[in-house]
Amino acid sequence: MAQGLFTQNRIALIWDFDKTLIPGYMQQPIFERYQIDEDRFWEETNAMAERYKERGYHVSGESVYLNHILTHVRNGQMKGLNNELLRTLGAEIEFYEGLPKFFGELRAEARSKPEYEKHEIEIEHYIVSTGLAEMIRGSEIAPYVDGIWGSEFIENPLLPGFLSQDELAMETDKEISQIGMMIDNTTKTRALFEINKGSNKDGAIDVNAKLAHEDRRIPFQNMIYIADGPSDVPSFSVVRKFGGKAYAVYKPSNEAEFAQNDLLLQTNRIHAYGPARYSGDSNTSMWLRLHVQKICDRIVADREANFAKRIAEPPRHLKDEVETPEAEADIAEQDSLEI
């Protein structure tokens, strides 16, 4: 592989959040705080796309829940919900067994062999979720990740004419009122390309810019995408198409989710699957460590082969021919015969 703009010695583990890192949905602490029936909320959300269609509206079934939250805020059922509170509630999210410690253990794999250290291989963790970015930022796992993509809300939106105002208008009490960023299972793939090209680290790189593969910060073959099921098929497909690994998890002892993941494997959507259990001896933790090591080994092989190809042998001195003692004796014998 040709050496380009980046050293390409980084590995990205890209994680879904709900039902991948946690057993349920991250919004549960919101419902508990405001005493909202969680099952009823999701039942209504799941029915909204069809109900709006009957009214002549087309909405995204994956992100309509954001509007339903805003409706609760506007109607007073979630009065005072703002981004600071979302981050505070994120601290109440409970993770699957082994997390967040496992994220640190995977990082350590990049220093587990001398050759890995020689090539300064690094592990990066990213979370790409249709959930709420502020809640993830407030959660226990946030210090272990290098980037978060998620849906976001705006408080006190800018009013018409704000460009011509000399002074900022007086702000009211902070409360979410508009959607600032919406992530669904299709737009997740944009995040993958941002990680791939490095535009998440360097704002001068546009994600839509054409960039040679050797110039990309993290090649897809250095990525592993981990998620819980069929809704992540677009991201699974992108990562697989370009040489990365796709791994699905299911809630331990949940036969329906197990069958769902098995179908993903049989239809070549993923490379493997296992229970969402991240302790040292679980199938999932062992598979992820194994394939992190395999990627490390390939990075070492690729970089050393590239160095060998790019560095020519130094020039050497040419040695003069040296006459052997036997040759000297033959010459002397010939001289004596001539005399």
In this structure, is Leu106 among the aliphatic types (A, V, I, L, M), buried (at least 17 other Cβ atoms within 10 Å of the Cβ) and closer than 13 Å to Ile176 by Cβ? no
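Checking the conditions here, which among Ser199, Ser253 is assigned to a loop (DSSP other than H, G, I, E, B) and closer than 24 Å to Gly98 by Cα? Can you show your working first?
Numbers: Ser199 fails: closer than 24 Å to Gly98 by Cα.
Only one candidate qualifies: Ser253.
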If I ask for residues that are surrounded by fewer than 15 Cβ atoms within 10 Å (Cβ to Cβ) and part of a loop (DSSP other than H, G, I, E, B), which ones from the range 118-132 would you list? Glu120
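For the range 12-50, enumerate the residues that are exposed (fewer than 12 other Cβ atoms within 10 Å of the Cβ) and at pLDDT below 95.
Start the filter on the range 12-50 by keeping residues that are exposed (fewer than 12 other Cβ atoms within 10 Å of the Cβ), which leaves 35, 37, 39-40, 43, 50.
Glu50, the sole residue that qualifies.
Here's the yes/no breakdown for (1) outside any helix (DSSP H, G or I); (2) within 20 Å of Ala133 (Cβ to Cβ):
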{"residue": "Ala12", "(1), (2)": "yes, yes"}
{"residue": "Arg33", "(1), (2)": "no, yes"}
{"residue": "Glu50", "(1), (2)": "no, no"}
{"residue": "Ile69", "(1), (2)": "no, yes"}
{"residue": "Leu85", "(1), (2)": "no, yes"}
{"residue": "Ala108", "(1), (2)": "no, no"}
{"residue": "Tyr116", "(1), (2)": "no, no"}
Consider Gly274 carefully, then state whether it is surrounded by 15 or more Cβ atoms within 10 Å (Cβ to Cβ), under 25 Å from Glu94 (Cα atoms) and in contact with a helix residue (DSSP H, G or I) (Cβ under 6 Å, 6 or more places away or on another chain). yes
What's the number of the condition Arg74 fails, among (1) crowded, with 16+ Cβ neighbours inside 10 Å; (2) modelled with pLDDT of 95 or more? (1)
Quick one: would you say Thr7 is at pLDDT below 95 and under 30 Å from Trp287 (Cβ atoms)? yes
Quick one: would you say Val239 is within 18 Å of His291 (Cα to Cα) and either out of contact with any helix residue (DSSP H, G or I) (no Cβ under 7 Å at 6 or more places or on another chain) or part of a helix (DSSP H, G or I) (or both)? yes
Criterion first (outside any helix (DSSP H, G or I) and out of contact with any strand residue (DSSP E or B) (no Cβ under 7 Å at 6 or more places or on another chain)) does Ala204 satisfy it? yes
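Among residues belonging to the range 256-298 that are in contact with a Lys or Arg (Cβ under 7 Å, 6 or more places away or on another chain) and not in a helix (DSSP H, G or I), point out the one that is nearest to Ala227 (Cα to Cα).
Initially, the range 256-298 is screened for residues in contact with a Lys or Arg (Cβ under 7 Å, 6 or more places away or on another chain), giving 257, 271, 276, 284, 291.
After this cut, where a residue has to be not in a helix (DSSP H, G or I) as well, the list is 271, 276.
Values: His271: 12, Ala276: 10 Å.
Result: Ala276.
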So Ala305 passes all but one of these: (1) exposed (fewer than 11 other Cβ atoms within 10 Å of the Cβ); (2) at pLDDT 55 or above. Which condition number does it fail? (1)
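Which one of Gly203, Gly147 is surrounded by fewer than 17 Cβ atoms within 10 Å (Cβ to Cβ), touching a Phe, Trp or Tyr at 6+ places or on another chain (Cβ under 8 Å) and within 30 Å of Ile299 (Cα to Cα)? Walk me through how you get there before you give the answer.
Details: Gly203 fails: touching a Phe, Trp or Tyr at 6+ places or on another chain (Cβ under 8 Å).
After applying the criteria, what remains is Gly147.
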Going residue by residue through the range 213-234, is there one that turns out to be free of Cβ contacts under 8 Å to residues at least 12 places away in the same chain, in contact with a Ser or Thr (Cβ under 6 Å, 6 or more places away or on another chain) and either surrounded by 22 or more Cβ atoms within 10 Å (Cβ to Cβ) or in a loop (DSSP other than H, G, I, E, B) (or both)? no
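The values are calculated or read from the model by the stated rules, or taken from the named source; none is laboratory data. Given the structure is predicted, the values throughout are model-derived calculations rather than measurements. Counting neighbours? That spans all protein chains shown, and the Cβs are built from the backbone with ideal geometry, glycine included.
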